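For reference, the structure is listed below as structure tokens.
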Amino acid sequence: MRISENHFRTPVAREGVPFIALALIVFILCLYFLGAWGWVAVLFPLFVLNFFRNPGRTVPSGDGVVVAPADGKIVKARKDPDTGRWKVSIFMNVFDVHLNRVPVTGVVRKISYIPGKFLNADLDKASEHNERNTLVLETDNGREVAMTQVAGLVARRIVCYAEVSDRLKAGTIFGLIRFGSRVDLDLPEETVLSVRMGDRVKGGESILGSLPSEQRA
């Protein structure tokens, strides 16, 4: 397992360190060559630092709680007419936290990476055509929850630390997407959803809904 407590303790994601360093170098060069005008370039390292920030989150407790896997806006919250399962999508703009968290406590049963396009992640068709990575989790009572990291128009890199057979707690940081993206959730039909279209959520802290606590037959 590649996930460690360090993912929770650092103020910025470790993958962001090289980008922050590069942004600072660009800023220093701008100051050197442009003088006072170079201070405008301070926006660059500030933007990169903000993108890779890792704020502390209080993960809600309780059996069957489904927590938001990412910061952003709910752009889909409806049942699939064919399967009856809930489809929930969260769109992350470039100003949202881009670390992704596990929505439910469970064991990783499958990880599937699919190469694809880089359409605007705000579009519904991005879920089918864009580069993406899907984790299938099995909860303690045998329910299946799938979460998909979807690359966007600007995002060109999906990072996933989780591995098959990992047992992860809800709210655990397991990856990120650079820069601007989307996360899709596929939830059991019996999920009681507590969000709707247009709501803004915080990864690892906002409750999306709940799963029945009884063991599935």
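Every read-out reported here was derived from the displayed coordinates using simple, explicitly stated rules and does not represent laboratory data. Quick caveat: nothing in here was measured; it's all calculated off a predicted structure. Using ideal geometry, Cβ is built from the backbone for each residue, glycine included, and neighbour counts are taken over all protein chains shown.
Summary of computed values
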{"quantity": "Cα-centred dipole magnitude for the range 65-210, charges only on beta-carbon of K, R (+1) and D, E (-1), debye, nearest 20", "calculated": "340"}
{"quantity": "Reference-scaled alpha-carbon Rg (2.2 N^0.38 Å with N residues) for the range 39-101", "calculated": "1.53"}
{"quantity": "Cross-link pairs beyond the 19 Å C-alpha cut-off, checked among LYS73/LYS202; LYS110/LYS202; LYS76/LYS202; LYS76/LYS169", "calculated": "LYS110/LYS202; LYS76/LYS169"}
{"quantity": "Largest-first principal axis extents, alpha carbons of the range 65-210, Å", "calculated": "38, 31, 30"}
{"quantity": "Contour excess over end-to-end distance, with Cα ends at SER213 and GLU144 and 0.36 nm allotted per residue", "calculated": "23.5 nm"}
{"quantity": "Computed lengthening from VAL107 to VAL94, 0.36 nm per intervening residue step minus Cα-Cα distance", "calculated": "1.7 nm"}
{"quantity": "Projected label distance in nm at ASP80 and SER194, using a 7 Å step from Cα toward the beta-carbon", "calculated": "2.5"}
{"quantity": "Sorted peptide list for 62-70, 26-34, criterion being average Cβ within 10 angstrom, highest first", "calculated": "62-70, 26-34"}
